[in-house]
1. Which entries in the list Lys140/Lys321; Lys263/Lys323; Lys206/Lys295 go over 20 Å, if you measure between the two C-alpha atoms of each?
2. Any chance you could list the semi-axes, whole Å, largest first, of the equivalent ellipsoid that the Cα gyration tensor gives for region 159-301, using √(5λ)?
3. Mind sorting Val138, Val165 by how few other Cβ atoms lie within 10 Å of their own Cβ, fewest first?
4. Can you compute the modelled spin-label distance between Asn225 and Glu71, with each label point 7 Å from Cα toward Cβ, in nm?
5. Order of Thr276, Thr103 from fewest to most other C-beta atoms within 10 Å?
6. Around Gly296, under 14 Å between beta carbons, what's the net of Lys plus Arg minus Asp minus Glu among the other residues?
7. Treat the count of other C-beta atoms within 10 Å as a stand-in for reagent exposure and order Phe36, Phe294, Phe315 from fewest to most.
8. When all alpha-carbon pairs of region 186-263 are counted, what percent fall beyond 17 Å?
Amino acid sequence: MKALVYDEYTDDDDFSKILKIKDLPEPVPRPNEVIFRVKAAALNYDDIWGMRGKPLAIPLPHISGTDAAGEVIAVGDSVKNIRVGDRIVSHGNMSCRVCKACTDGREYDCRNRRIWGFETGPLWGGYCEVTHLPEVNVVKIPNNVSYDDAAAASMTMLTSWHMLVGRAKIQPGQLVLIMGGGSGVGNYGIQIAKLFGCTVIATASKDKLDKLIELGADFAIDHRNEDWHKEVRTIAKKISKPYGDVPGVDVIFEHIGGSHWNKELTLLKYGGTIVTTGATTGYNAKTDLRHIFFKGINILGSTQGTRAELEEGLFWMSKGKIKSIIDSTYTFEQAAEAHTKMLTGKGLFGKILMKPRGN
């Protein structure tokens with residue numbers, strides 16, 4: 001089979017120097033595993049971390065790819081619920097399934113957790129023609145959800161669902177601020193908040209604001225403006241005034257960090273919640289503690305999500321309530337170009353997919 005492999009790290013983000021297409025033997029299933037032919041795989045930022053060898057020196061030689069969807073072609077003797085011919089998508093959070101966190105439904109907190117296609121290997125990820133996973137790490141794709149949509153949703157929709165539903169426990173009627181709505185997680189965040197009957201303010205760069213409204217956001221704000229938070233506050237006041245409520249945002253969906261952090265805290269109402277899963281503009285954010293203790297703000301961290309949450313999100317995709325936004329599709333041979341586009345973010349809206357040639 002053909003696979004996208006690198007044998008060394010890059011220190012200058014020149015991905016074309018290290019990414020190679022190689023011929024490798026097709027995997028043979030262990031007793032608990034399924035083998036599937038990859039139809040589509042989605043890029044994530046951990047692909048870039050892997051090629052840099054930072055912050056983790058991942059195993060070499062390496063096949064990246066955490067989000068892969070495809071058709072099952074073989075199963076191990078102990079596999080119970082997956083059959084040859086099933087359409088499946090990966091749940092890339094690999095945990096031990098027996099520790100206290102796992103058996104408490106928190107497999108994302110497992111101390112032995114690994115991210116498939118990032119921390120696994122050597123030569124074990126989704127960017128290849130045929131790959132393998134334990135049965136517990138795959139989910140059946142509903143009939144009316146495509147391979148492309150499932151691959152795009154695998155990690156990103158799951159992350160957004162866990163942030164808003166699993167952690168922040170959003171409720172109908174709440175005012176939700178989705179930071180970075182033009183990103184993959186932001187796209188899903190808007191749709192999930194609307195699914196739960198929330199009013200949504202979403203932020204992005206100016207060129208993406210109309211697309212946020214098309215996705216369902218009630219208001220769209222350019223967070224590159226210095227006073228973007230004042231625009232959000234004005235909207236919150238208009239929404240609360242007819243009801244006599246104290247103005248403010250109930251839930252902030254945060255993955256930007258950096259200079260926006262304290263501005264976000266000022267926008268939350270008393271008892272409000274900010275849930276964060278990243279820090280794309282910087283992680284070393286200074287915090288004005290007065291906003292937290294005086295207003296009783298809840299600060300929640302979030303990472304990945306459970307297999308059950310992925311199934312819940314795919315269910316609502318099958319009902320047409322959530323959709324994947326695909327920015328572009330590349331072959332594995334075009335991987336350097338695809339990853340460079342993700343790194344720069346220029347003109348990017350939604351997920352980037354890669355497929356084996358001919359798919």
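1. The answer is Lys263/Lys323; Lys206/Lys295.
2. 19, 18, 16
3. Starting with the residue having the fewest Cβ neighbours, the order is Val165, Val138.
4. So the label points at Asn225 and Glu71 sit 5.1 nm apart.
5. By the 10 Å Cβ count, ascending: Thr103, Thr276.
6. Neighbourhood net charge equals +2.
7. Placing the least packed residue first, the sequence is Phe294, Phe315, Phe36.
8. Cα-Cα pairs in region 186-263 separated by more than 17 Å: 47 percent.
Rule-based calculations on the coordinates, nothing more; no lab input. Keep in mind that what you see is a predicted model, and the values were worked out from it rather than measured. Note that we place each Cβ from the backbone using ideal geometry, even for glycine, and neighbour counts take in every protein chain shown.
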